[in-house]
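The values are calculated or read from the model by the stated rules, or taken from the named source; none is laboratory data. Fair warning: this is a prediction, and the values are worked out from it, not measured in the lab. Neighbour counts run over all protein chains shown; Cβ positions are idealised from the backbone, glycine included.
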Amino acid sequence: MSFKNNKKQDDTLLNEDIRFKEVRCNADDGSSHGIMTSRDALALADEAGLDLVCIAPNAKPPVVKIMNYGKFKYQQEKKIKEAKKNQKIIVTKEIKLSVKIAQNDIDYKVKHAREFLEKGNHVKFRVFLRGREMANPAAGAEVLTRVWPMVEDIASKENDPKLEGRYVNMLVVPLKKEKH
């Protein structure tokens, strides 16, 4: 088989690149050939029509394996793709409020927040403090405490309202659905 290392992106040592004095050689089927020179291990790999791959270069002596490197690389990439497919991406939606917001505006924005939560998104409520409002950040926290009862039936609070710069923030996440 004999892969050439010219266009290789990873740091895996293959075939002729393995230049250790002695190596512990294992076969693809799990059997061990014992400790031998790297030339002898490479000869065994060539005889089998497979590649010699260094799987543990820091071990004493380094461990090499006789295997089909192309097939091994393909299976690794397949596992990575499968892991990415099963990964859940968390989307955080932001709802901006102000200290002097009217109740009907709060109701309207909470209606959208509830839609986001039902879709499984996280929602970050932010109250922007303008000018003199910075002197009283508790007013921003008070707006968020008025919002919380409107979403607490479908969400849980990740953190209490807290001041971050000119914003008072509160992160709300959807409740976990019980699987039957």
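Could you check, for segment 66-76, whether at least one of its residues is more than 30 Å from A43 (Cα to Cα), out of contact with any strand residue (DSSP E or B) (no Cβ under 6 Å at 6 or more places or on another chain) and exposed (fewer than 12 other Cβ atoms within 10 Å of the Cβ)? No - not one qualifying residue is present in segment 66-76.
Selection within segment 113-140: residues that are in contact with a Lys or Arg (Cβ under 8 Å, 6 or more places away or on another chain) and assigned to a helix (DSSP H, G or I). The member of this set that is farthest from N169 (Cα to Cα) is F116. With respect to V147, is the statement that it is surrounded by 17 or more Cβ atoms within 10 Å (Cβ to Cβ), β-branched (V, I, T) and assigned to a helix (DSSP H, G or I) true? Yes, satisfied. Residues that are surrounded by 15 or more Cβ atoms within 10 Å (Cβ to Cβ) and within 13 Å of E22 (Cα to Cα) were ranked within segment 50-65; the one that is farthest from the chain's Cα centre (by Cα) is P61. Scanning segment 10-23 for residues that are within 18 Å of E47 (Cβ to Cβ) and out of contact with any Phe, Trp or Tyr (no Cβ under 9 Å at 6 or more places or on another chain) turns up E16, I18, V23. The residues of segment 71-121 that are within 21 Å of the chain's Cα centre (by Cα) and aliphatic (A, V, I, L, M), listed by number, are I80, A83, I89, I90, V91.
Applying the selection to segment 128-176, what residues are more than 23 Å from K111 (Cα to Cα) and within 33 Å of the chain's Cα centre (by Cα)? Those that are more than 23 Å from K111 (Cα to Cα) and within 33 Å of the chain's Cα centre (by Cα): L163, E164, G165, R166. Taken together, the residues in segment 152-168 that are aliphatic (A, V, I, L, M) and over 12 Å from F128 (Cα atoms) amount to 2. Filtering segment 77-127 down to residues that are touching a Phe, Trp or Tyr at 6+ places or on another chain (Cβ under 8 Å) and of a type in the set (K, R), which residue is surrounded by the most Cβ atoms within 10 Å (Cβ to Cβ)? Among those residues, the one meeting the criterion is R126. Taken over segment 67-96, the criterion of being assigned to a helix (DSSP H, G or I), within 21 Å of F20 (Cα to Cα) and at pLDDT 85 or above is satisfied by no residue. Do we find that V64 is assigned to a strand (DSSP E or B), among the β-branched types (V, I, T), touching a Pro at 6+ places or on another chain (Cβ under 6 Å) and at pLDDT 85 or above in this structure? Against the criterion (assigned to a strand (DSSP E or B), among the β-branched types (V, I, T), touching a Pro at 6+ places or on another chain (Cβ under 6 Å) and at pLDDT 85 or above), V64 does not qualify.
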